[in-house]
Amino acid sequence: MEKSGRRRFLKSAAAMSAAALPTAALAAGPKESHAQHAAPKRVAAAPSSQARPYMFLSQTEVAFLDAAVARLIPRDELGPGAKEAGVSYFIDQQLFGGYGTMAKKYKQGPWPEGTPQQGYQSPLTPAEVYRAAIRDTNNYCRKQHGKAFDALASAQQDEVLRGLDEGKIELESVRAQFFFNILLNNTIEGFFADPAYGGNRDKAGWKLVGFPGVAAVYTMHIDKHNVPYRAQPVSIADIQQRLAEVDEHGHAKHVMISGKERG
């Protein structure tokens, strides 16, 4: 993805308030929210990236996702991209949980093509979609380019992703556009969700769009019009680990960022 395209994409994603969503709420074509079922009632702080075991994805699948999300939200002068932010791990945790199995969704047929307003229309669960689509896409890449997706040059990876998005590539088990929409939306979710869910490592997504994280008390700012609210972002894990201060009601105390700190 071109850098200018990334700016437009992230601006659009921020406008949709993606940063405020702790779990999948922009789910893919047809568009519907599923990943909320994977969110635990009490969210534990995510361990360091070096110590976090993948629960669902194989090494081959992780390599595919690392390469794919790195093209959807690449690292550039604005900061880390989706790969650096741990989006693949976020997706793994979602697929391993209730979202991946559609634990609280109706799973009986029939399965017509449907419309986006009709929600998820597939006999496959999201976990099954990822497993089949990654396998099929790698098979396509080997047939066309002699290599798996993660081994292709960036331009070739962009070409494959564009082919999936536009439906120009036919996958054996899953409709290409259906898979691409899920992948894209899960990538957005993982980049902007609270770090406690496995992605948005070091709050990279929040820092990029200026999202402060866990809600605070804003009454003292009501009369401050046209003044940007710039604060160091606070995550759920920060509150649980007491790395951030809270008031007597449990609301986060945001530390404001000065112009000098912003550079």
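A short reminder: the numbers here are calculations on the coordinates, not readings from a lab. Because the structure is predicted, anything quoted here is derived from the model rather than measured. Cβ sites come from the backbone with ideal geometry, for glycine too, and all protein chains shown count toward neighbours.
A simple spin-label model places pseudo-atoms 7 Å from Cα toward Cβ; at Val217 and Ala155 they are separated by 5.8 nm.
Nearest 20 debye, what's the magnitude of the dipole of the stretch 78-132 about its Cα centre given +1 on Lys and Arg Cβ and -1 on Asp and Glu Cβ?
160
Computed about its Cα centre, the charge dipole of the stretch 144-263 is approximately 380 debye, with only Lys, Arg, Asp and Glu carrying charge at their Cβ. Between the C-alpha center of the stretch 55-95 and that of the stretch 231-258 there is a gap of 27 Å. Annotated for the stretch 106-237: lysine pairs at least 8 residues apart or interchain, Cα distance under 27 Å, count 4. Put simply, the amide H of Lys83, placed in the peptide plane, has neighbours under 5 Å in Ala70, leaving out anything fewer than 5 places away on its chain.
Between Val246 and Leu78, how high is the FRET efficiency from 1/(1 + (r/R0)^6) when r is the Cβ-Cβ distance and R₀ = 25 Å? Nearest 0.05. Intermediate values should be presented prior to the final figure.
Working: r = 30 Å, r/R0 = 1.22.
For Val246 and Leu78, the calculated efficiency is 0.25.
Amide H to amide H, with H built 1.01 Å from N, Val234 comes under 5 Å of Gly213, Val214, counting only residues 5 or more places away or on other chains.
Residues in the stretch 63-76 carry Karplus couplings, in order, of 4, 4, 5, 4, 5, 5, 5, 5, 8, 6, 10, x, 6, 7 Hz; the curve used is 6.51 cos²θ - 1.76 cosθ + 1.60 with θ = phi - 60°, and Gly or Pro positions show x. Phi-derived couplings, Karplus 6.51 cos²θ - 1.76 cosθ + 1.60 at θ = phi - 60°, listed residue by residue for the stretch 98-111: x, 4, x, 9, 6, 4, 10, 10, 5, 10, 9, x, x, 10 Hz, with x used for Gly and Pro. Collect residues whose amide H, placed 1.01 Å from N in the peptide plane, falls under 5 Å from the amide H of Val246; neighbours closer than 5 in sequence don't count. Under 5 Å from the amide H of Val246: Lys253.
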